[in-house]
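Only one structure is covered here, and it is reproduced in the block below.
The values are calculated or read from the model by the stated rules, or taken from the named source; none is laboratory data. These figures come from a predicted structure and were not determined experimentally. So basically every Cβ, Gly included, is an ideal-geometry build from the backbone, and we count neighbours across all protein chains shown.
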Amino acid sequence: MKKSCPECGDKFQGRRDKVFCSAACRSTYNNRLNSDANNFVRNINNLLRKNRRILASLNPDGKTKVHKTKLLDAGFKFQYFTNQYITQGGKVYNFCYDQGYLELDKGYYALVYRKEYVA
Ligand SMILES: [Zn+2]
């Protein structure tokens, strides 16, 4: 049975479990997959660090209140955070590392800072 190599597209004959036409194609293919995964992780790490920087710069004293537009203007991405802290009263703080935020009324957010790591 002829197969086609997923890297170069060449047709080749081979054992049933053989996927690539050559070791070179196999390693090119796998290297690319790995680097895509690494890029994905790196981009998200950068977003998280940027979010943290934005929160830290808007919250130099460790506690403040800002409007959502200030965060968005700075490029803050609300969907990226590292962990959550839910109070007994059910309030949900999202954290980007040590910098956290809590949604308030009318588009305002409370910004907080946490020294200790909370899992
Ligand atoms: Zn090939």
Please verify whether the range 45-58 includes one or more residues that are within 16 Å of the ligand (Cβ to nearest atom) and either farther than 21 Å from Gly107 by Cα or assigned to a helix (DSSP H, G or I) (or both).
no
Do we find a residue being assigned to a helix (DSSP H, G or I), modelled with pLDDT of 95 or more and surrounded by fewer than 15 Cβ atoms within 10 Å (Cβ to Cβ) anywhere in the range 75-90?
no
Among the candidates Asn59, Asn46, Asn34, Asn30, which residue alone is under 16 Å from the mean Cα position of the chain (by Cα) and of a type outside the set (A, V, I, L, M)?
Asn46
Determine if the range 6-28 includes at least one residue that is modelled with pLDDT under 95, near the ligand (Cβ under 8 Å from one of its atoms), more than 30 Å from Tyr80 (Cα to Cα) and part of a strand (DSSP E or B).
yes
Restricting the range 5-59 to residues that are surrounded by 12 or more Cβ atoms within 10 Å (Cβ to Cβ) and hydroxyl-bearing (Ser, Thr, Tyr), which is farthest from Tyr113 (Cα to Cα)?
Ser22
